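In what follows, a single structure is set out as C-alpha cells and then discussed.
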Amino acid sequence: MLKDAARATAAGADLVEVRLDKLWVVEQMPDPDPSEEGKGNGEGERERPKFVEPEMIPQPLDSVDVHTALASLKQGIELPVVLTCRPERQGGHYPGDEGQRIEVLKAAIESGVSWIDLEVDMESKPRKALVDAAGDKTRVIASQHSSEQPPSASEIIQDVVDNSDAGEMVKMCYRTLGRHDGLRLFEAAWQLNGSGTPNAIMGTGSGGDWTRIHAPLLGQAMVYTTMEAGWHLSRQGRINASDLQTAWQLLEYETG
C-alpha cells in the first residue's frame, strides 16, 4: 500500500484511497492453465493472455494490529487519504463481523484521516456515531456499491439526492455490462452536474469508466483510478491514473 501510494504521488494524484479491508487478505495468483499456453489467433500472432483475477485468501483478524497499521500509513503517505474498510456484502474483503468493522472505522477516524468511506446501508445508529466522531476534521464519503446493473438515470439521481445528507460526497457504483449501462451512468452524472450535491458515479465493468474519463465535463467530485496497468482494466470499468491524465489532455478538459 505504501509503495502504491508513493507511485500515485509521483503520478500526480491528489489523494490516495487505502483499502483497509485488504490488510486481512493475501493476493494469490492461480497456477497458469497449460491449455492456454502458446495459443495464437491463427495468423501467426499470439493472442493476449487471458486475465485471471487473483484469489483473495482471508487472514485471521488478529494478524493485523489496526492502530500500528494506521500509524505506519499516516507516516508513510504524503497525500491526503481516504480510508475504506469495505464489507463483503458490498464486494469488499473484511473477514470480521459488522461490529468489528465499525471498530476499525472508528480507529481510522481517530487517526485523523482526511476522508472516511461509510456505506449508506450501514445501520443508522452506529453510522451516525461514526459521522459524529468524524466531526469537521474528517469528511465522509457516503457510498453504495451494487452488484446489480444500474437502474434508470432518474433512479440513480434519486439515490444520490436521497443520500445527499449522509456525507460530504455521495459515491454510487454499479455493475456495468456495456454501453447501455455506461450511458445510464453518464446521463445521471450529466443531470446532476451543478446540482449542489458532490457525487462520484461509476461502474465496475464495460462502460463503467465513461464517467471517469469524462469526469471534468460531468463535474464529478472525485475520480477513482488505479496504479495498475493493462488492457483488462477497461473491462473492469477502471483506468490507470496516468492514462486518465493523458485522456484529459487529449480531450482538452480543464482540470483544476
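The values are calculated or read from the model by the stated rules, or taken from the named source; none is laboratory data. This one's a predicted model, so the numbers in the text were calculated from it and none came from an experiment. We place every Cβ from the backbone using ideal geometry, glycine too, and count neighbours over all the protein chains shown.
At-a-glance table
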| item | result |
| --- | --- |
| All positions within segment 105-129 that are of a type in the set (D, E, K, R) and buried (at least 18 other Cβ atoms within 10 Å of the Cβ) | Asp117, Glu119, Arg127 |
| Breaking point among (1) in contact (Cβ under 8 Å) with a residue 40 or more places away in the chain; (2) surrounded by 17 or more Cβ atoms within 10 Å (Cβ to Cβ), for Arg235 | (2) |
| Selection from segment 172-187 of residues that are out of contact with any strand residue (DSSP E or B) (no Cβ under 9 Å at 6 or more places or on another chain) and touching a residue at least 60 places away in the same chain (Cβ under 8 Å) | none |
| Residues (among the charged types (D, E, K, R) and either surrounded by fewer than 17 Cβ atoms within 10 Å (Cβ to Cβ) or in contact (Cβ under 8 Å) with a residue 40 or more places away in the chain (or both)) located in segment 188-230 | Glu228 |
| Residue check for Ala129: more than 20 Å from the chain's Cα centre (by Cα) and of a type in the set (A, V, I, L, M, F, W, C) | yes |
| Residue among Thr211, Thr176 that is part of a helix (DSSP H, G or I) and modelled with pLDDT of 95 or more | Thr211 |
| Segment 93-104, subset surrounded by 18 or more Cβ atoms within 10 Å (Cβ to Cβ) and either of a type in the set (S, T, N, Q) or touching a Cys at 6+ places or on another chain (Cβ under 7 Å) (or both), residue nearest to Glu148 (Cα to Cα) | Tyr94 |
| Residues being modelled with pLDDT under 95 and under 18 Å from Asp162 (Cβ atoms) - total across segment 179-195 | 1 |
| Segment 138-149 - residue that is of a type in the set (S, T, N, Q) and part of a strand (DSSP E or B) and, of those, surrounded by the most Cβ atoms within 10 Å (Cβ to Cβ) | Ser143 |
| Answer residue from segment 214-239, given it is outside any loop (DSSP other than H, G, I, E, B) and hydroxyl-bearing (Ser, Thr, Tyr) and is modelled with the highest pLDDT among those | Thr226 |
| Answer residue from segment 94-116, given it is assigned to a loop (DSSP other than H, G, I, E, B) and within 20 Å of the chain's Cα centre (by Cα) and is farthest from Asp14 (Cα to Cα) among those | Pro95 |
| Residue that is surrounded by the fewest Cβ atoms within 10 Å (Cβ to Cβ), among those in segment 8-29 that are of a type outside the set (D, E, K, R) and part of a strand (DSSP E or B) | Gln28 |
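Condition check ((1) assigned to a loop (DSSP other than H, G, I, E, B); (2) among the β-branched types (Val, Ile, Thr); (3) in contact (Cβ under 8 Å) with a residue 12 or more places away in the chain; (4) out of contact with any strand residue (DSSP E or B) (no Cβ under 7 Å at 6 or more places or on another chain)) across all residues:
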residue	(1), (2), (3), (4)
Gly92	yes, no, yes, yes
Leu118	no, no, yes, no
Lys128	no, no, no, yes
Val131	no, yes, yes, no
Asp136	yes, no, no, yes
Pro151	yes, no, yes, yes
Val160	no, yes, yes, no
Gly167	yes, no, yes, no
Val170	no, yes, yes, no
